[in-house]
1. Starting from the Kirkwood Rh over alpha-carbon pairs, what translational D in µm² s⁻¹ does region 52-107 have by Stokes-Einstein at 20 °C and 1.002 mPa s?
2. Among PRO70, HIS107, PRO125, whose Cα sits farthest toward the positive end of the charge dipole of region 35-162 (+1 at Cβ of Lys/Arg, -1 at Cβ of Asp/Glu, about the Cα centre)?
3. Mind computing the radius of gyration and Dmax over the alpha-carbon atoms of region 1-91? Å is fine for both.
4. Which residue, ILE33, ILE79, ILE138, tops the fluctuation ranking in a GNM of the chain built on C-alpha contacts under 10 Å?
5. Can you give the Rg/Rh ratio of the chain, where Rg is from the C-alpha atoms and Rh is the Kirkwood radius?
6. Using alpha-carbon pairs under 8 Å, 6+ residues apart, how would you state the relative contact order of region 43-128 in percent?
7. May I ask you to give the solvent-accessible area per residue for region 49-117, in square angstrom, as obtained with a 1.4 angstrom probe?
8. Which value at 222 nm does the chain reach when only helices count, each DSSP H run of 4 or more adding -39,500 (n - 2.57), with the total divided by all residues and rounded to the nearest 500 deg cm²/dmol?
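The values are calculated or read from the model by the stated rules, or taken from the named source; none is laboratory data. Fair warning: this is a prediction, and the values are worked out from it, not measured in the lab. Cβ atoms come from the backbone with ideal geometry, glycine included; neighbour counts cover every protein chain shown. Please note that ligands, DNA and RNA were not included when accessible areas were found on the heavy atoms of the full protein model with its side chains. Shrake-Rupley method; radii C 1.70, N 1.55, O 1.52, S 1.80 Å.
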Amino acid sequence: MNIAPDTVVGFHYILRNTEGTVLESSHDGEPSIYLHGARNILPMLEKHLDGHRVGDTLTVELDALSAYGPRKDSLVQKIAMKHLEPEGKKLAVGSTARLRSDKEIHHVTVLKLGKFQATVDANHPLAGQDIVFDIEIIAARAATPEELAHGHAHGLDGHAGH
């Protein structure tokens, strides 16, 4: 089956920077699973996967604008500590925290801690970087009606993750 809209796709990947340093890999864990055409992954990565099939391997190079966008200095801000929730046991420089604003939750990186305020960076950690994906497609199947209605995959077999 060729990857096309409304296809559930499973793939393993190695994510590197342009210098070749491995930033992330799915090979030691679960594959990435997504619903093709539902904007569940980076749009340019999805475009490169279009038309491929199980067993295909490919290398996808994305410039910063096609990946996680440019770094924005305006996303580095001082925030009152009461608005931050640690994603681990406690806030520390370099840790990730949840920032609640209105009804949205933003993930931020803590740059500096004070008694009442923290300086945080709301940029994606890979913003401003060109990246390279080495991909191995391991699964492709038609999405179920429920997956189409929900706009995301429910696992490789269509049942997990409810």
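1. Numbers: Rh = 14.8 Å.
For the chosen part, D equals 145 µm²/s.
2. With unit charges placed on the Cβ atoms, the residue in question is HIS107.
3. For region 1-91, the Cα-based Rg and Dmax read 17.0, 51 Å.
4. Its mean-square fluctuation being the largest, the pick is ILE79.
5. Values: Rg = 18.2 Å, Rh = 17.7 Å.
Here Rg/Rh amounts to 1.03.
6. On the way: 125 pairs, mean separation 24.6, N = 86.
Contact order relative to length: 29 percent.
7. 74 Å²
8. Details: 2 runs with 13 residues, N = 162.
So the helix-based figure for the chain works out to -2000 deg cm²/dmol.
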